[in-house]
1. For Arg130, what accessible surface area do you get with a 1.4 Å probe? Give it in Å², rounded to 10.
2. With all pairs of different alpha carbon atoms counted, what Kirkwood hydrodynamic radius in Å does the stretch 229-316 show?
3. Under a point spin-label approximation (7 Å from Cα along Cα-to-Cβ), what is the Gln205-Glu411 distance to one decimal in nm?
4. Indicate, rounded to the nearest 5 percent, the antiparallel portion of the DSSP beta bridges found entirely in the chain.
5. Between Arg429 and Cys445, what is the label-to-label distance in nm when each label sits 7 Å out along the Cα-to-Cβ direction?
6. Just to make sure I understand: if all protein chains stay in place, what is the order of Arg375, Arg496 by accessible area at 1.4 Å, largest first?
7. Report the extension gain between Lys24 and His64 in nm, rounded to one decimal, defined as 0.36 nm multiplied by the number of residues separating them, less their alpha carbon distance.
8. Leu249: accessible area at probe 1.4 Å, nearest 10 Å²?
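The values are calculated or read from the model by the stated rules, or taken from the named source; none is laboratory data. Note that the structure is predicted; figures quoted are calculated from it, not measured. Positions of Cβ are backbone-derived with ideal geometry, glycine not excepted, and every protein chain shown enters the neighbour counts. Accessible surface is based on the protein model in full, side chains and every heavy atom, while ligands, DNA and RNA are left aside. Shrake-Rupley method; radii C 1.70, N 1.55, O 1.52, S 1.80 Å.
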Amino acid sequence: MLHTYEEAARCLLCEDAPCTKACKTGDPARAIRAIRFDNAKNVWRWTEGCSEADLERAEQACIHYDQQIRIRELLRSVDTSASEAAKKVGCTPTDKSPSNLAITFCGIPCESPFFLASSAICTNYEMVARAFDQGWAGVFYKTICKQDIHEVSPRFDAVKSATSFAGFRNMEQLSENPYEVDFDILHRLKQHYPNKVVVGSIMGQYEEEWIELAKMAEEAGCDAVELNFSCPQMRLTGMGSDVGQDPELVTFYTAYVKRNVHIPVIPKMTPNITQINQPAMGAFFAGADAISAINTIKSVTMSSEAAVSDKKTISGYSGRAIKPIALRYILEMTKNPILNKENRSQAAAKSVEFSGIGGIETWRDALEFIQIGCRNVQVCTAVMEYGYRIIDDLVLGLQTYLDERGIERLEDIVGEQLPTFVMPSDLDRDTMVYPKIDREKCIGCGRCYISCHDGGHQAITFDTDTRQPHIVGTKCVGCHLCRLVCPTGAIGITKRVVKR
């Protein structure tokens, strides 16, 4: 039995894919990429008209190092009929800016919510221009400073799952370019791409530097300036997350910049702190227009290959593994009635806006940040692993979702999930949901039994003769560990009932 996503995830996502070159009528590589990035409903766009012979040639051309991707079986397993909403989507592979993804951020019109995060993916003019050409709406350019940056080698490490990064460790600091060069790059980008959003990210070491760099960003034509209070691996003290962990410094530096420029000011918060609301409120009271969060999380990886001259250190961690942590920090700020006007009286002062960062790889990841209050999202690690091309599936997937729900404006779903979040003390503790086994999908592996027996409540028995698990209702507490470990998705849920 072929598992669609797992097979698509095995694809190497080749440049100039041999499978597509061998196919005469479609683009199987692009179709597989759509499945990989949670966009299977749009696979038909690249496979309509593909004959069995076309796909057989594509399969034979696959250069996978282990076993060729089962392209024919994979694409047959996907519902290529698609929903009517998906087929009505006005975005084609050559149209990267569907109108209903447009949104404003700090009063700045954005063609979509998808931005490059300040990092290695945007360090010069050519890189950002290429990203803009492929459809990205804006950039938070790699952080500019006046210090002489000396980087180490190697800079990166990864905790890998079978086919991709589960998490990514990054030891880079800030831009290695002279700061005058970077501001010239930002000026040219804004000149040549007036409809794209260019945000200059800066980091000073003391008050005068913050002000000088912010003014230079404004003079270069930047739409806004981001204040990097969050880089976790600065070699100089008093910079990066050293600032972000001190609410007083966040307040002072934000106020200094805000008083000296007219463009929106966006402090970037660090997750390397217990209470993110403290520095966030400092930024708010200093006049910040928006807050971006989070930056990488301080971490340690033990790979000897990633050591620098046989030495290791603490550095930043990003990628899919940190998304739940990033969502937590965003939620804490968007639920804060001081920061979010939706949670306080309409007569109160304006609130800040939010730019979400952390583990965003698919359009559904982006959607989650938007639904808890972000007006745009920044992507880094996924671009480092897969390239700028992922913008196609980010845009098309989110547009399809909106169309299926009949939503005309992205604006209408910003923060829509906030009312569903409550304190643990307010959760319903008088009802439960029992798991239910689908016998047609169950293959009798016994994983649910093992996990429940050793890590749950001993509420599943396993018949070794028939190889069938059975849920013991009198012992089941509805924890759903069994559902989470099932490799075939054979365990679902029933309706919620009152506890016995």
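1. About 120 Å², rounded to the nearest 10.
2. After inverting the mean inverse Cα-Cα distance, the result is 13.9 Å.
3. In this crude spin-label approximation the distance works out to 4.5 nm.
4. If I count the DSSP bridges inside the chain, around 50 percent turn out antiparallel.
5. Those two pseudo-labels are separated by 3.5 nm.
6. Arg496, Arg375
7. 12.4 nm
8. Approximately 60 Å² for this residue.
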